[in-house]
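Data first, discussion second: the structure below is written as structure tokens.
The values are calculated or read from the model by the stated rules, or taken from the named source; none is laboratory data. Not measured: the values here are computed from a predicted model. Don't worry about glycine lacking a Cβ; one is built from the backbone with ideal geometry, like all the others, and counts go over all protein chains shown.
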Amino acid sequence: LRRVGVFDQIAGRTKQLTDGICHVMAEFEVPIQVGQVGAMFGFYFLKQPGAIIRDYASAKQYADTDRFAQFFHAMLEQGVYLAPSQFEAGFLSSAHTDEDIQFTLNAVRKALQQILS
């Protein structure tokens with residue numbers, strides 16, 4: 001953590017991950033809302049395309065918790081642990097590599113193939 005630029009590197013990898021998640025979800029036409037600040041990220045599966053989650057009330061209305069639960073378990077089967085609720089944030093660290101990001105994005109693709117088949 002004493003290296004110059006380490007936090008920028010972590011934030012860059014987190015953006016790479018969230019951009020990749022958005023791209024894969026778009027390939028499968030899965031409505032999703034992704035947020036990222038620095039090393040922190042989160043995403044919601046949406047019950048309808050174009051819905052926007054801004055607060056607790058809209059999260060209760062538009063978040064597809066059933067689909068997230070399916071995705072969570074499918075990701076576990078692919079070797080990727082996410083927070084068990086889509087209402088929790090995920091975090092990257094300096095230990096995560098570009099290879100880890102690619103592994104995770106490949107797991108996202110496989111998990112979606114599994115739950116959408």
Next on the checklist: Of everything in region 69-82, what is under 17 Å from Leu17 (Cβ atoms) and without any contact (Cβ under 8 Å) to a residue 40 or more places away in the chain? Give them in sequence order.
Outcome noted: Phe72, Met75, Gln78, Gly79, Val80, Tyr81, Leu82
Checklist entry - Scanning region 1-33 for residues that are under 12 Å from the mean Cα position of the chain (by Cα) and outside any helix (DSSP H, G or I), which turns out nearest to Ile115 (Cα to Cα)? => result Ile32
Checklist entry - Can you name every residue in region 1-23 that is touching a residue at least 24 places away in the same chain (Cβ under 8 Å), among the small types (Gly, Ala, Ser) and either surrounded by fewer than 16 Cβ atoms within 10 Å (Cβ to Cβ) or under 13 Å from Phe43 (Cα atoms) (or both)? => result Gly20
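Kindly evaluate Gln36 against the criterion of being of a type in the set (S, T, N, Q), assigned to a helix (DSSP H, G or I) and at pLDDT 95 or above.
no
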